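Engineer: For reference, the structure I am asking about is given below.
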Amino acid sequence: MKKLFIITATLLLLFSCGNKNTCNIEKAFRQYVAQNFDDPKSVVEIMEISLKDTFSYEKVKFLRNSTQDIINKGNERVSELWNDFKDNSTPRRIATLSNSTKRSVQREMHNIERINLRQKGIIDLYQKSIRVLDIIAESVIDKPPIYFYEIKFKKNVNGEPQSRTFYASYTKEIGKITILETFNESIDKYNGSEAYFKLGEALLFFFGAATHYTSILDESINRHLALVELIK
């Protein structure tokens, strides 16, 4: 396909199709096909246009808070398991363990210390990602949301109809539609909005740090569970 085609227009007239948004997106897609496909007539049918995602200040804050809740619960679980271990690892109790079990306890303690050292670094990165995300999110608090639609259509390839999927980002308030050949393009473009582009980068940074953080939490929980099990 040729270069990305951006259609910017004030949509004053709404045509009679099932849904006003999908009607406008279909019109923009047909214009894109006419100007960018080598053979526009190869598109024989638009099968479905459906909402895939929404990008807005409210959505970003929801994702940020939901992720933070998951991490908070992971930290609480680690604390519970550590307290459980301390409550049951009295000198008298430890003395009853076999030598091999004592060595296993020491090994798990070493594993937990190693995880804690790794966790300190990722906590700093995660906290930085939250600060960056919150600052940039405030810059789009008054900006209209962007809706991402999936466009499923059939295209003739060597005489055979084949299913294809394109995408569209739609800023309804200003009537701006961007046709995208892959959904990942939305991360790069955000419909031409610099503020949303920066927010998208910050969101990716945040999720990268959060994913690393939660993986370390999972490992820490498993090691604490093993430690608690050893002294039962």
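Engineer: Identify the single condition in (1) modelled with pLDDT of 85 or more; (2) not in a helix (DSSP H, G or I) that Thr211 does not satisfy, given that it satisfies every other one.
Structural biologist: Evaluating Thr211 over (1) modelled with pLDDT of 85 or more; (2) not in a helix (DSSP H, G or I) leaves (2) as the failure.
Engineer: Can you work out which of the residues in segment 135-165 that are among the hydrophobic types (A, V, I, L, M, F, W, C) and buried (at least 16 other Cβ atoms within 10 Å of the Cβ) is farthest from Lys198 (Cα to Cα)?
Structural biologist: Of all residues in segment 135-165, those among the hydrophobic types (A, V, I, L, M, F, W, C) come to 135-137, 140-141, 146, 148, 151, 153, 157.
Narrowing the set further to residues that are buried (at least 16 other Cβ atoms within 10 Å of the Cβ) leaves 136-137, 140, 146, 148, 151, 153.
Working: Ile136: 7, Ala137: 9, Val140: 10, Ile146: 14, Phe148: 17, Ile151: 26, Phe153: 32 Å.
Ranking the qualifying residues of segment 135-165, first place goes to Phe153.
Engineer: Which count do you get for residues in segment 144-164 that are out of contact with any helix residue (DSSP H, G or I) (no Cβ under 6 Å at 6 or more places or on another chain) and in contact (Cβ under 8 Å) with a residue 60 or more places away in the chain? Don't jump to the end; show me each part of the working.
Structural biologist: We begin by selecting, within segment 144-164, every residue out of contact with any helix residue (DSSP H, G or I) (no Cβ under 6 Å at 6 or more places or on another chain); these are 145, 147, 150, 152-154, 157-164.
Retained after the next criterion (residues that are in contact (Cβ under 8 Å) with a residue 60 or more places away in the chain): 145, 147, 150, 152-154, 157, 161, 163.
Here the count works out to 9.
Engineer: Please go through segment 26-66 and pick out each residue that is surrounded by 15 or more Cβ atoms within 10 Å (Cβ to Cβ), among the hydroxyl-bearing types (Ser, Thr, Tyr) and within 12 Å of Ala168 (Cα to Cα).
Structural biologist: Tyr32
Engineer: Further, regarding this structure: What is the number of the single condition among (1) closer than 30 Å to Val228 by Cβ; (2) modelled with pLDDT of 90 or more; (3) in contact with a Leu (Cβ under 7 Å, 6 or more places away or on another chain) that Phe85 does not meet?
Structural biologist: (2)
Engineer: Just to be sure I understand, how many residues within segment 98-128 are hydrophobic (A, V, I, L, M, F, W, C) and farther than 12 Å from Leu227 by Cβ? Step through it out loud before you land on a result.
Structural biologist: First pass over segment 98-128, keeping only residues hydrophobic (A, V, I, L, M, F, W, C): 105, 109, 112, 115, 117, 122-123, 125.
Add one more test, that the residue is farther than 12 Å from Leu227 by Cβ, and what stays is 117, 122-123, 125.
Number satisfying all stated conditions: 4.
Engineer: Next up: Considering only segment 75-191, give the helices (runs of 4 or more DSSP H) lying wholly within it that have at least 3 residues that are of a type in the set (S, T, N, Q), over 30 Å from Lys52 (Cα atoms) and under 20 Å from the mean Cα position of the chain (by Cα). Spell out the reasoning first.
Structural biologist: Values: elements: 91-95, 99-138, 185-189.
Fully inside segment 75-191 and qualifying: nothing.
The values are calculated or read from the model by the stated rules, or taken from the named source; none is laboratory data. Keep in mind the model is a prediction, meaning the values are calculated, not measured. Neighbour counts run over all protein chains shown; Cβ positions are idealised from the backbone, glycine included.
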